[in-house]
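The values are calculated or read from the model by the stated rules, or taken from the named source; none is laboratory data. Since this is a predicted model, take the numbers as computed values, not measurements. Heads up, the Cβs are rebuilt from the backbone with ideal geometry, glycines too, and the neighbour counts pull from every protein chain shown. Calculation scope for accessible area: heavy atoms of the full protein, side chains included, ligands and nucleic acids excluded. Shrake-Rupley method; radii C 1.70, N 1.55, O 1.52, S 1.80 Å.
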Amino acid sequence: MQKPKDNLESFKELLSGKGLKYTYERECIYDEVQRIGSHFNADSLYERFKKRGARVARATVYRTLPLLLESGVLQKSAGAGKRDFYEKTSVKGHHDHMVCLGCKKIIEFHSDELEELQQKLSGDYRFKLVFHDHRLFGYCEGCQPRGGVNG
């Protein structure tokens, strides 16, 4: 039985397949992402480099995050504001998010049925699924109008 690839190996293979190199800057970004234990966005990642004087360009951060996403190192997440937020896939495994429009609470969930349905739909439409981002927006129990969901 073949050993599953680790995140770094998957990232390097993706880069190679796209004719891109595993540069010093990309290595710094990969390593920093591995240190982050919570949701983050591109600007907060860049600020981490800037604070310690590391020579990593903001543009390289923005160009590298989609590559980390496509290779499975990261998944899209939810956070405050309209920017894209990310988190390491390895922290909790793949999961999706419900975001409360009232208090901004984020509820993480996983649904095998939803995962199976997206695979079926991708096959039905002959679509090669690389990654997905499910964020559901609404109101948590505490922020719903009186009478709850159906009231």
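Worth pointing out:
- Angle between the chain longest axis and helix 58-70 axis [Cα atoms, degrees, rounded to 10]: 70
- Accessible-area composition of the chain, carbon plus sulfur, in percent [1.4 Å probe]: 52
- Fluctuation leader among Lys21, Lys88, Lys51 - the chain, Gaussian network, Cα springs under 10 angstrom: Lys51
- Full-stretch length increase - Val130, Cys103 - with 0.36 nm per residue and alpha-carbon distance subtracted: 6.5 nm
- GNM remark for the chain: springs join alpha carbons under 10 Å apart, and the peak mean-square fluctuation among Thr60, Thr89, Thr23 falls on Thr23.
- Angle of helix 42-51 to the longest C-alpha principal axis of the chain, folded into 0 to 90 degrees and rounded to 10: 50°.
- Of all DSSP-defined beta bridges confined to the chain, some 70% are antiparallel rather than parallel.
- Across the chain: Cys residues that no other cysteine approaches within a C-beta distance under 4.7 Å: Cys28, Cys103, Cys143
- Solvent exposure of the chain, expressed per residue, is 67 Å² of accessible area, with all protein chains present and a 1.4 angstrom probe.
- If you count Lys pairs in the stretch 1-54 whose Cα atoms are under 25 Å apart, skipping same-chain pairs closer than 8 places in sequence, the total is 8.
- Residue-wise HN-Hα couplings along the stretch 9-14, as the Karplus relation 6.51 cos²θ - 1.76 cosθ + 1.60 with θ = phi - 60° gives them from phi, are 4, 4, 5, 5, 5, 4 Hz; Gly and Pro carry x.
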